[in-house]
Amino acid sequence: MGIHLVGGGNDPRYDIDVYTGFVIEASQRAARREPDATARIAVITVREGGEADHAARLAEALTTAAASEAAGGVSIEPVIGAFAEGQLVDPSALEGIDALVVGGGLTPAYLDALLPSAETIQAAVVDGMPYLGFSAGAMIAPDRALIGGWRIGGVEVSPEDGSEELDEVTVVPGLGLVDVTVDVHAVQWGNLSRLIAAVDAQLVDGGVAIDEHTVLSVGSGPLRAAGAGTVWAVTRGTPHVQVQSIH
């Protein structure tokens, strides 16, 4: 089973391309529990007032992908957990599920909410539970999570609009699901330049920046990318930072 990292974006035209691989894996996990079982997928969001509209949109995208010919019409049941910023996600909210989606919003708030459940999520992923992180959910997945900021040493490296309410580019321990740092809305918000600057400043060793409507899937095999945009791999070379596209 895999980790699926989505760079954001809410255009329904790309739902099948972005979410099909994940819902297939969720269905396979459910089938190991019970043949022909419906896959229960927790959809966790953390929003300012705890609104469920973003969670509902993600559930709709999953349902569209599951019903598609590409997925073979697999059966899923999204289980929405909509939390307010400042709330903690209790590990019990993750019991009895076959797969987990963590949505988008203010990235530091997501990390604060899910850190108490990090060990539970790690253990479930090791046991084969598929994880999909959308935007903030992708950014907090790594061992070392870049959770926002728009300046390094006071120097602007990306647009302030994508700063996640942080000034300096901030890297902290994440959920520990992947070993590569992730940024999202790469081209659309100008965050590719933030990751390049973070690698150049040696805040992280390297990472990937994912465009909107694009998914990077990490599993036991080679990296796989799908969707409308590009996944940018950023590494520290000699003498300069190197950038190449995966998809």
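Data overview
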read-out: Yes/no for residue 170 being of a type in the set (Ser, Thr, Tyr) and either surrounded by 15 or more Cβ atoms within 10 Å (Cβ to Cβ) or in contact with a Pro (Cβ under 9 Å, 6 or more places away or on another chain) (or both); value: yes
read-out: Some residue of segment 177-186 being farther than 16 Å from residue 218 by Cβ, of a type in the set (Ser, Thr, Tyr), under 13 Å from the mean Cα position of the chain (by Cα) and modelled with pLDDT of 95 or more; value: no
read-out: Residue match in segment 174-184 (condition: buried (at least 24 other Cβ atoms within 10 Å of the Cβ), hydroxyl-bearing (Ser, Thr, Tyr) and touching a strand residue (DSSP E or B) at 6+ places or on another chain (Cβ under 6 Å)); value: yes
read-out: Qualifying positions in segment 136-186 - in a loop (DSSP other than H, G, I, E, B), β-branched (Val, Ile, Thr) and in contact with a Lys or Arg (Cβ under 7 Å, 6 or more places away or on another chain); value: 157, 169
read-out: Conditions (1) among the charged types (D, E, K, R); (2) over 22 Å from residue 218 (Cβ atoms); (3) part of a helix (DSSP H, G or I): number failed by residue 17; value: (2)
read-out: Flag for residue 14 being aromatic (Phe, Trp, Tyr), in contact with a strand residue (DSSP E or B) (Cβ under 7 Å, 6 or more places away or on another chain), more than 18 Å from residue 175 (Cβ to Cβ) and buried (at least 17 other Cβ atoms within 10 Å of the Cβ); value: yes
read-out: Residue ranges of strands (runs of 3 or more DSSP E) in segment 20-110 with at least 3 members surrounded by fewer than 20 Cβ atoms within 10 Å (Cβ to Cβ); value: 76-84
read-out: Out of 51, 60, sole residue that is of a type in the set (Asp, Glu) and more than 19 Å from the chain's Cα centre (by Cα); value: 51
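The values are calculated or read from the model by the stated rules, or taken from the named source; none is laboratory data. None of these values were measured; they are calculated from a predicted model. Backbone-built Cβ (ideal geometry, glycine too); neighbour counts: all protein chains shown.
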